[in-house]
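These notes are about the structure you will find just below.
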Amino acid sequence: MNAASVMKLTTTFAALDLLGPAYTWSTPVFAQGPVRDGTLQGNLYLRGSGDPTLVMERLWLLLRRVQARGIHTIAGDIVVDGTAFAGAPRDPAAFDGEPLRAYNAAPDALLVNFKSLVLDLVPDAAAGLARIQVAPPMAGLTVQASVPLAPAGTPCGDWRAQMRLSLADPARLVFKGQYPAACGERSWALAPPQPELFGPRAMAGMWLALGGRLGGVARLGKVPDGLAPLFVHTSAPLVEAVQSINKFSNNVMAQQVFLTLGLEMGGIGSADAARAALQTWWTRRMGAASMPVFDNGAGLSRDARISADSLARMLQRAWASPVMPELMASLPIVGIDGTLRRSQSHAVGSAHLKTGSLQDVLAIAGYVLGDDGRRWVLVALVNHERAAAARPALDALIDWTRSANQP
């Protein structure tokens, strides 16, 4: 059956098992040419290896390390090398026709801020507008600084649609509508057009925001052979990435980890290599349990498949593995955090469960602590045109499992 984002459990358990919780990604930084009077007489190169944790704050630290080496002006270009991940560019609208949704951002060997912009909207009733702040700063992408407020009394409703984002020019985000003041302060995460340019634009934008100067442009390219790194930026450990993936069901981070498995196990950062790595791992670890269809490793797929029995067997294997504490701690806790923070189940704090939902799909899988002190593996997969209506039944199933009313 299609398990939606519950498929992330296979990717994250395999990664913890094969790479180890302390695994980190490296992003070497190269300076081509001498530095004279604070100016690099050439290009600055950054080569990605799949780091899913290079958010805006960590990018700021990376570029501060460049400046700490006496570089304040780059006479040449900022060049982003993303060749560690192979494959043709992906159409962000292919899955559901929503190319601007942050969950549709494609993986990238040098992924910056999940390849998503965050627009913070702050209404100012006196000025009659809502101000827009953008993070991360982007060179070569202009975002309208404010949007008019809707007439007083306008309900919040679908405020994004009311703003009427225009993409007539992919280098400009323009709003032709209004923002309802009733919404208060809101944040809008979106994947902008020209996603292949996100990394270079974010690098250059942050560099300029730090007071640096750039003589050339920000672009994609490849690090020249034989160039020694200026330094190597190290990511947050895998265990932190796994927590974000499972607690908040981050699709692009899951795909980063998926492709990393292909890169580390098969030498190629491609979907085919990643699937081969997972299939080999599954056969070795799960034995006769039927092989899942892994597809992209995130569950944002109409083709991924797994049986409830196989998933339950995997969770039993995970419970007996050395990385059990890291995997279990990454799962949302019913009524406490992540995607289960608003769960209606009464098993508050007693169940660690990964959730999954797509159109026609609803799923949960993980561990429930029973009232008798025993821990139970719970898997529930619903594939039906009215799958969303099964949510109360799944909450009841969690509660029944906790009460240990087993047959």
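The values are calculated or read from the model by the stated rules, or taken from the named source; none is laboratory data. Predicted, not measured: the structure shown is a model, and the values here were computed from it. Cβ sites come from the backbone with ideal geometry, for glycine too, and all protein chains shown count toward neighbours.
Observations, loosely collected:
The rows are residues; the columns are (1) assigned by TED's automatic domain parsing to the domain that holds SER310; (2) among the small types (Gly, Ala, Ser); (3) closer than 30 Å to SER290 by Cβ.
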residue	(1), (2), (3)
THR11	yes, no, yes
LEU16	yes, no, yes
GLY38	no, yes, no
GLY42	no, yes, no
LEU59	no, no, no
LEU62	no, no, no
ILE78	no, no, no
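- Scanning the range 357-379 for residues that are of a type in the set (Gly, Ala, Ser) and surrounded by fewer than 19 Cβ atoms within 10 Å (Cβ to Cβ) yields GLY370, GLY373.
- Members of the range 199-234 that are among the basic types (Lys, Arg) and either modelled with pLDDT under 95 or part of a strand (DSSP E or B) (or both): ARG213, ARG219
- Among (1) under 26 Å from GLU98 (Cβ atoms); (2) among the aliphatic types (A, V, I, L, M); (3) part of a strand (DSSP E or B) - the single one VAL368 does not satisfy: (1)
- Summed over the range 329-357, the residues that are hydroxyl-bearing (Ser, Thr, Tyr) and in a loop (DSSP other than H, G, I, E, B) give a count of 4.
- The single condition among (1) of a type outside the set (A, V, I, L, M); (2) farther than 23 Å from GLY221 by Cβ; (3) in a loop (DSSP other than H, G, I, E, B); (4) free of Cβ contacts under 8 Å to residues at least 60 places away in the same chain that ARG90 does not meet is (2).
- Taken across the range 194-215, residues that are free of Cβ contacts under 8 Å to residues at least 60 places away in the same chain, out of contact with any Lys or Arg (no Cβ under 7 Å at 6 or more places or on another chain), of a type in the set (A, V, I, L, M, F, W, C) and under 30 Å from PRO170 (Cβ atoms) do occur, with at least one present.
- Test: residue in the range 235-244 that is under 30 Å from GLN32 (Cβ atoms) and modelled with pLDDT of 95 or more: yes
- Residue under evaluation ARG64, criteria (1) in contact with a strand residue (DSSP E or B) (Cβ under 7 Å, 6 or more places away or on another chain); (2) modelled with pLDDT of 95 or more, criterion not met: (1)
- Answer from ALA393, ALA351, ALA365 - the residue that is over 22 Å from SER244 (Cα atoms) and either in the same structural domain as ALA308 (by TED's automatic domain parsing) or not hydrophobic (A, V, I, L, M, F, W, C) (or both): ALA393
- Every condition in (1) surrounded by fewer than 24 Cβ atoms within 10 Å (Cβ to Cβ); (2) not assigned by TED's automatic domain parsing to the domain that holds VAL382 is met by GLY50 except one, and the failing one is (1).
- Of everything in the range 144-198 that is in contact with a strand residue (DSSP E or B) (Cβ under 9 Å, 6 or more places away or on another chain), part of a loop (DSSP other than H, G, I, E, B) and of a type in the set (Gly, Ala, Ser), the residue that is surrounded by the fewest Cβ atoms within 10 Å (Cβ to Cβ) is ALA168.
- The C-beta contact set for the range 53-82 (first residue under 17 Å from LEU220 (Cα atoms), second residue of a type in the set (Asp, Glu), distance under 7 angstrom, 6+ apart or interchain) comprises GLY82/ASP108.
- Every pair of residues 6+ apart whose Cβ atoms lie under 6 Å, when the first sits in the range 326-343 and is within 17 Å of VAL239 (Cβ to Cβ) while the second is among the charged types (D, E, K, R): LEU331/LYS354; PRO332/LYS247; GLY338/LYS247
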